[in-house]
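Chemist: Below is the structure I would like to discuss, written out as structure tokens.
The values are calculated or read from the model by the stated rules, or taken from the named source; none is laboratory data. Everything quoted here is computed from the prediction, not taken from an experiment. Positions of Cβ are backbone-derived with ideal geometry, glycine not excepted, and every protein chain shown enters the neighbour counts. Heavy atoms of the whole protein, side chains included, go into the accessibility calculation; ligands, DNA and RNA do not. Shrake-Rupley method; radii C 1.70, N 1.55, O 1.52, S 1.80 Å.
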Amino acid sequence: MSRTTSVGNGEDLISPADTSLGLTEGGWWTYRYLRSVKKRWTGDLTWCAYKATLTEPLLGSVMAHYMSRNDP
């Protein structure tokens, strides 16, 4: 699931800034941009840097939000 800082909507989960996770700006967790991504596109740290692992209670909130989506 992705996180955006540009524009949220009524379906997105609010995500405050959290510098311990590398999230320097407030934003939204969203499933609007779900796409398949090949490992070769994310395996290079200059293209897709690892930020952090979500922990509870945030992890549970984000997973519940993801599981509540309506698949097309």
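Chemist: Tell me which residues come under 5 Å, amide H to amide H, from Ser15 once H is placed; ignore anything under 5 positions away on its chain.
Modeler: For Ser15, whose amide H was placed from the backbone, the distant partners under 5 Å are Gly27, Trp28, Trp29.
Chemist: Given an 8 Å cut-off on Cα distances and at least 6 residues of separation, report the relative contact order of the chain as a percent.
Modeler: This gives 30 percent for the chain.
Chemist: Report the local net charge at Leu54: Lys and Arg +1, Asp and Glu -1, summed over other residues whose C-beta lies under 14 Å from its C-beta.
Modeler: Taking every other residue near Leu54 into account, the sum is 0.
Chemist: Moving on. Starting from the Cα-Cα distance between Met63 and Leu21, subtract it from 0.36 nm times their residue separation and give me the gain in nm to one decimal.
Modeler: Computed gain between Met63 and Leu21 is 13.5 nm.
Chemist: Just the number please: accessible area per residue for the chain, 1.4 Å probe, all protein chains included, in Å².
Modeler: Heavy-atom SASA per residue in the chain reads 78 Å².
Chemist: Expressed as a whole number of Å, what is the distance separating the alpha-carbon centroids of the stretch 1-36 and the stretch 44-67?
Modeler: 10
Chemist: Something else: Count neighbours as other Cβ atoms within 10 Å of each site's Cβ, and list the chymotrypsin sites (Phe, Trp or Tyr not before Pro) in the chain that are DSSP loop with at most 13 such neighbours.
Modeler: Tyr33, Trp47, Tyr50
Chemist: Still on this structure: Full-extension gain between Glu56 and Ser2, please, as 0.36 nm times their residue separation minus the C-alpha to C-alpha distance.
Modeler: 17.7 nm
Chemist: Right, here's the next one. Considering amide H positions built from the backbone, and no H for Pro or chain starts, which residues 5 or more places from Leu23, or on another chain, come under 5 Å of its amide H?
Modeler: Asp18
Chemist: Can you list the equivalent-ellipsoid semi-axes of the chain, largest first and in whole Å, using the square root of 5 times each Cα gyration tensor eigenvalue?
Modeler: Here the semi-axes work out to 20, 17, 12 Å.
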